[in-house]
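Everything on this sheet refers to the single structure shown next.
The values are calculated or read from the model by the stated rules, or taken from the named source; none is laboratory data. Keep in mind that this is a model prediction, so the values were computed, not measured. When we count neighbours, we look across all protein chains shown, and the Cβ atoms used for this are built from the backbone with ideal geometry, even at glycine.
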4 protein chains.
Amino acid sequence: MKGFASDNYAGAHPEVLAAIADANHGHAVSYGDDPWTARAEQLLREHFGQQAVSYLVFNGSAANVLSLRALCRPWESVICAAQAHINVDEGGAPEQIAGIKLQDVPTLDAKLTPEQVERLLVRRGDEHVVQPRVASVTQSTELGTRYSPYELHALAHFAHERGLLLHLDGARLANAAAALDLPLRALTTDVGVDVVSFGGTKNGLLLGEAVVFCNPELADGFKYLRKQTLQLASKGRFIAAQFIALLEGDLWLRNATQANAMAARLAEALLDVPGLRLTQPVQANAVFAVLPASATEQLQRDWAFYTWAEATGEVRLVCSWDTTAEEVDAFAADVRRACNSALTR
Amino acid sequence: MKGFASDNYAGAHPEVLAAIADANHGHAVSYGDDPWTARAEQLLREHFGQQAVSYLVFNGSAANVLSLRALCRPWESVICAAQAHINVDEGGAPEQIAGIKLQDVPTLDAKLTPEQVERLLVRRGDEHVVQPRVASVTQSTELGTRYSPYELHALAHFAHERGLLLHLDGARLANAAAALDLPLRALTTDVGVDVVSFGGTKNGLLLGEAVVFCNPELADGFKYLRKQTLQLASKGRFIAAQFIALLEGDLWLRNATQANAMAARLAEALLDVPGLRLTQPVQANAVFAVLPASATEQLQRDWAFYTWAEATGEVRLVCSWDTTAEEVDAFAADVRRACNSALTR
Amino acid sequence: MKGFASDNYAGAHPEVLAAIADANHGHAVSYGDDPWTARAEQLLREHFGQQAVSYLVFNGSAANVLSLRALCRPWESVICAAQAHINVDEGGAPEQIAGIKLQDVPTLDAKLTPEQVERLLVRRGDEHVVQPRVASVTQSTELGTRYSPYELHALAHFAHERGLLLHLDGARLANAAAALDLPLRALTTDVGVDVVSFGGTKNGLLLGEAVVFCNPELADGFKYLRKQTLQLASKGRFIAAQFIALLEGDLWLRNATQANAMAARLAEALLDVPGLRLTQPVQANAVFAVLPASATEQLQRDWAFYTWAEATGEVRLVCSWDTTAEEVDAFAADVRRACNSALTR
Amino acid sequence: MKGFASDNYAGAHPEVLAAIADANHGHAVSYGDDPWTARAEQLLREHFGQQAVSYLVFNGSAANVLSLRALCRPWESVICAAQAHINVDEGGAPEQIAGIKLQDVPTLDAKLTPEQVERLLVRRGDEHVVQPRVASVTQSTELGTRYSPYELHALAHFAHERGLLLHLDGARLANAAAALDLPLRALTTDVGVDVVSFGGTKNGLLLGEAVVFCNPELADGFKYLRKQTLQLASKGRFIAAQFIALLEGDLWLRNATQANAMAARLAEALLDVPGLRLTQPVQANAVFAVLPASATEQLQRDWAFYTWAEATGEVRLVCSWDTTAEEVDAFAADVRRACNSALTR
């Protein structure tokens, strides 16, 4: 079963499995005090800047919640887009596990602006209300859009000027960087991002994410938080080896580029399908579109993908590192047929 | 670098890697709604009883903390041995993440008895004190000892009679079962254990543990807790495939048996080493011994193992699924030499 | 210094102090096991129905947070109006202390409707999102408006039909009841409210609120929650005596009636002030109005009141049990003068 | 009903009620921004040193839990005597509300020593274990004993040398100070205590405690913690007025001196009662004694007091600010009779 349901429906890239097998020799010190972890951390410094301090964790929810735990004192809040993964898809973990109130902002494109953040910077110093401490953005966003480096810089600059920090949920940061043809640091350290949840799973790993402190002063005590939040792997080498596979060469870029290219190909193929309308600019590896409900229903018999908004009939189509041009073309043809058929009934 | 530092210094069993590679074809529904997870859950039912309900998680700390979160209301406490992993090695997660007070009991062998639990069943119904709800035992224990099925049954019976539940930290349950030549359910479901943290990592997986509800009524809402506690893998098939490798045949038993046999071989070889004294019965895959500090120091130049108690010079020697007789013999010979040399100086 | 800043700027009613003095004889069992507490609980049953189970606490934030803690499991959320006190004035306590995500709804009048609640009842059973469990309303609201018993009944009916519970933040419930000329139970138990934070402080006590479980089944274990959440007074009689003073006769009603009457008088006096516009219907003890910034500035030299919204120049004027007609008239005259002067400049 | 059950069975001192009545005129700014609170804070500085920063709260559990929340990061622990109130009588609040693991030490007299603390200072920097940050002592202790200033100084000195802070649970600090004929600062600021939970309730208030930061640098952000932990009174003047009554003159000292004197009188009267044995030195306002169970049973028909340890028949007899010599003498005579009768049966 293949399709466009999610980039975490895809498996792991063969080079990732090979790296795990390579690491599987003899004993290694546990809990991250091993050469693979050291190497992964070095590679993360190469990609995010020599000052960067990184910690590997199991999944993206953990990378996000741990990042926020590290940045906020108990009375401090996080500003994010209403569509942010931390707001709608972490099962209440920011509140229960980190005790943090999210202050979410309605947006059309899941992107936050300094103006939106500013509107929430009221009653500062008033103990009756939570005090905003972090602005959190997702790159590329939950709607397949992305921030330009200029937009990120403006946010970071504004945040720092007002005593806030900037967190970037980078579950799909590789897709944004690939689409912009920029190195990872150009979207993070270089534009003032403080902490990144750097995603691996959606970009071809079995599992594994990194919390990257672009601002290393914020990492104080983080090793305790990671352990306490149940995210310290005992056989750390097996997560580290995957990151080595991803970052030592250009696998991270190849994977993301392929997923992006397939989304672009899909968008182009769908552009003139009658009855179908793209609802977001296609700037990474996802396509959002509205099409007739009967067409969706028919398509979902053969293809995996999610309805994003029941009310409007909007669907989400995500491409992965392993999506092929043949699949895209076959699916696009099916979409055209289904839409035609829906319109002519 | 090999040695006796920990069973999580060992790598993954080749059959486990093969199972992952086998699972790495095409797309699969994410977050555990895939055939591998279904198969792993079926196998867990075969091993723990058809009533058992299981959830896969990333690591042992998580399995423990989630088990306790599932069993306790906010004012309820957990009784455990002072040496319990939940008490000394989870970085305060039971308290911070689950909000649970542990009531620990000093023991010589890390084993809890009904009498010890009973002593803490005071002031019941008094809102000024936490109310004991769970007794938690580790099998095999942190000191390499184990409970007989009769001991576990007595604890479970006592617990249930007094309105408590029995949790079993089974990070090394396979070692106990192998040593006792009993199926897993004989040490859990059959003797009244309510919830098990069933370990995979220390027994040959890359990573992966299962929370097994022998009493399925206690699992209500657990899927939400797992997600919220950051333990739901997106590409769930890759943890599930490992459990299939472990449980479909007898890999779990082979691995544990080998580790146990090596510990027994080591204990026997050390028994008459002058200046060395075994401090715990060797009932699973670990050997605890006191030896001269200078001998330890010398040995640690060549071999990895941990000093357990600085004050007494007690060391812990753990065997793994991949420990060989040659290693054991070579190490034992070195120990003998080091102790002799320490005594004759 | 008097004025219209808040009903908690007012002191305690003399009858309340007299009741405390009366209770101050000899020793009494601590922690609520005293005759005054028993009497207060009896009176609360008389006012809220014989089935009601009540617990006294120190303040309104605690009554709210404890109510929600009692109703929600860790993954369950609370739906409320964006203006709700729990959302904007509890310092993040619902999230930090109770671990609960609030799902807030933008409203014009701080009142929630079944339609608004329904819109959030999506993805039920999906572990990636919090599951709505409680709708929380404030009566009278933070904007001085109130729910009719029919509106509350509709909300409760809808909530129960959909598996939700209804919490009522009644810091000013007495004002709503007085304004509607209804007993307290007609706005709570009789219309299906499950739990009430019943306010005393703003209605003439020194301090003291009650959590009233109209649905007593929900109170299971609440005594532990109260103690653990630091809300169990050791000398319980002194909070209980205040509630006796409030509820034994009609003091609760007299106080609320006076505050309401003064708000009505103030609203009437301001109705035709040039340049001033009332922004909410005056249905309890508060008046909201927009007036020229320069008028506000001038008035605040002599009178205490708060600017509610800097951007629009909206102010909040709250009347208390001790507000007098003379004060209202004097203030209204000053407002008229200040507005005239602002307009003619 | 009078007796020796607890110093929180006693009522409020008449001067305290008078102070509340005096404060009950006109309006006052809420939430602690009022002249009474300013005056109470000034008085606390006079008693604890000009550097001291104080916050009023509702009860002793809150003062303790808030103190510890202020001092600990999420992975830091608190060392205390096994008998400490925070360990056995806060309903699990340190763990649930503050997320803090307590590391308790068995003691005979409820007093902590530097040696006991030192034994727990192991595995520092190891993320698998909580990191001790605070030593918490109770003065006078839960067993009626007290620390000398030298003992406190030694603890503070040791704590600071090892990177720890010293918290003092002073629910009965006044009793210790009165017994030692020392000002409050001589037992706190002057000997290096960092934070004090300063008790008012047990010493003659209706309710009210203060968190006193002798080391003011530790108070950063505390106002947010107090609000969030549900401990900010809206009509703050009424708690402040009580502290003014307590501290402006010598009421705190008179009350504590009376309670202590009565305990000494009681101890002296019981010293030669046959069959009764005092079990702790009487150094504050409590007497602990073992007597025949039948004597206890008979006495409890007429007198209120608690059995402290069922197993040994130990009872606790607490004197209050309102205990009289007549009561003590009458009770002592009854004890003598009851013990004689128990022995001659």
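Here are a few things to note about the model shown:
- Filter result (touching a strand residue (DSSP E or B) at 6+ places or on another chain (Cβ under 8 Å), β-branched (Val, Ile, Thr) and more than 8 Å from every other protein chain (Cβ to nearest Cβ)) within the stretch D:1-43: D:Thr37
- Complete set of residues in the stretch B:76-91 that are surrounded by fewer than 24 Cβ atoms within 10 Å (Cβ to Cβ) and either among the small types (Gly, Ala, Ser) or farther than 20 Å from A:Ile97 by Cβ (or both): B:Ser77, B:Ala82, B:Gln83, B:His85, B:Asn87, B:Val88
- Subset of the stretch A:114-155 [closer than 30 Å to D:Thr229 by Cα, among the acidic types (Asp, Glu) and surrounded by fewer than 20 Cβ atoms within 10 Å (Cβ to Cβ)]: A:Glu118, A:Asp126
- Conditions (1) touching a strand residue (DSSP E or B) at 6+ places or on another chain (Cβ under 7 Å); (2) in a helix (DSSP H, G or I); (3) under 27 Å from D:Ala5 (Cα atoms); number of the one not met by D:Ala177: (1)
- The residues on offer are B:Ala284, B:Ala263, B:Ala293, B:Ala267, and the sole one that is more than 25 Å from B:His85 (Cβ to Cβ) and either modelled with pLDDT under 95 or among the aliphatic types (A, V, I, L, M) (or both) is B:Ala293.
- When residues in the stretch B:287-321 are screened for being within 14 Å of chain A (Cβ to nearest Cβ), assigned to a strand (DSSP E or B) and surrounded by fewer than 19 Cβ atoms within 10 Å (Cβ to Cβ), 2 of them pass.
- Candidates A:Ala284, A:Ala259, filtered to the one that is away from chain D (no Cβ under 14 Å), farther than 30 Å from D:Arg124 by Cβ and either assigned to a helix (DSSP H, G or I) or over 21 Å from the mean Cα position of the chain (by Cα) (or both): A:Ala259
- For the stretch C:306-333, filtered to residues that are farther than 15 Å from C:Glu142 by Cα and of a type in the set (A, V, I, L, M, F, W, C), the residue that is modelled with the lowest pLDDT is C:Ala311.
- Considering each residue of the stretch B:231-239 in turn, none proves to be within 14 Å of another protein chain (Cβ to nearest Cβ), buried (at least 23 other Cβ atoms within 10 Å of the Cβ) and within 30 Å of B:Ala330 (Cα to Cα).
- Hey, A:Trp36 of a type in the set (Phe, Trp, Tyr) and either more than 30 Å from D:Glu95 (Cβ to Cβ) or surrounded by fewer than 22 Cβ atoms within 10 Å (Cβ to Cβ) (or both) or not: yes
- Residues of the stretch B:22-43 classified as more than 19 Å from A:Leu17 (Cβ to Cβ) and either touching a Leu at 6+ places or on another chain (Cβ under 6 Å) or not in a helix (DSSP H, G or I) (or both), total: 5
- Single residue of A:Val273, A:Val211 found to be of a type in the set (A, V, I, L, M), touching a Lys or Arg at 6+ places or on another chain (Cβ under 8 Å), outside any helix (DSSP H, G or I) and surrounded by fewer than 24 Cβ atoms within 10 Å (Cβ to Cβ): A:Val273
- Residue check for C:Asp109: farther than 21 Å from C:Leu68 by Cβ, of a type in the set (Asp, Glu) and free of Cβ contacts under 8 Å to residues at least 60 places away in the same chain: no
- Scope the stretch D:240-256; condition farther than 30 Å from D:Asp33 by Cβ and either within 14 Å of chain C (Cβ to nearest Cβ) or surrounded by 20 or more Cβ atoms within 10 Å (Cβ to Cβ) (or both); matching residues: D:Ala256
- Output for the stretch C:127-156, where each listed residue is under 13 Å from the mean Cα position of the chain (by Cα) and of a type in the set (A, V, I, L, M, F, W, C): C:Val137, C:Leu143
- Lone unmet requirement of (1) within 12 Å of another protein chain (Cβ to nearest Cβ); (2) over 16 Å from C:Cys72 (Cα atoms); (3) free of Cβ contacts under 8 Å to residues at least 40 places away in the same chain for C:Asp220: (2)
- For A:Glu46, the conditions (1) farther than 18 Å from B:Ser234 by Cβ; (2) more than 9 Å from every other protein chain (Cβ to nearest Cβ); (3) assigned to a strand (DSSP E or B) all hold with the exception of (3).
- Residue satisfying condition, being within 27 Å of D:Leu184 (Cβ to Cβ) and either at pLDDT below 95 or not β-branched (Val, Ile, Thr) (or both), within set D:Glu127, D:Glu95, D:Glu90, D:Glu118: D:Glu90
- Counted as qualifying within the stretch B:71-148 are the strands (runs of 3 or more DSSP E) with 1 or more residues that are within 14 Å of chain C (Cβ to nearest Cβ), namely B:76-81, B:131-138.
- Only one of the numbered conditions (1) farther than 30 Å from B:Leu71 by Cα; (2) surrounded by 23 or more Cβ atoms within 10 Å (Cβ to Cβ); (3) in the same structural domain as C:Gln228 (by TED's automatic domain parsing) is not met by C:Ala63, and that is (1).
- Sole residue being within 14 Å of chain B (Cβ to nearest Cβ) and within 30 Å of D:Leu66 (Cβ to Cβ), chosen from C:Leu168, C:Leu173, C:Leu207, C:Leu225: C:Leu225
- Members of the stretch C:180-197 found to be touching a residue at least 12 places away in the same chain (Cβ under 8 Å) and of a type outside the set (Val, Ile, Thr), listed by number: C:Leu180, C:Leu182, C:Pro183, C:Leu184, C:Arg185, C:Ala186, C:Leu187, C:Asp190, C:Gly192, C:Asp194, C:Ser197
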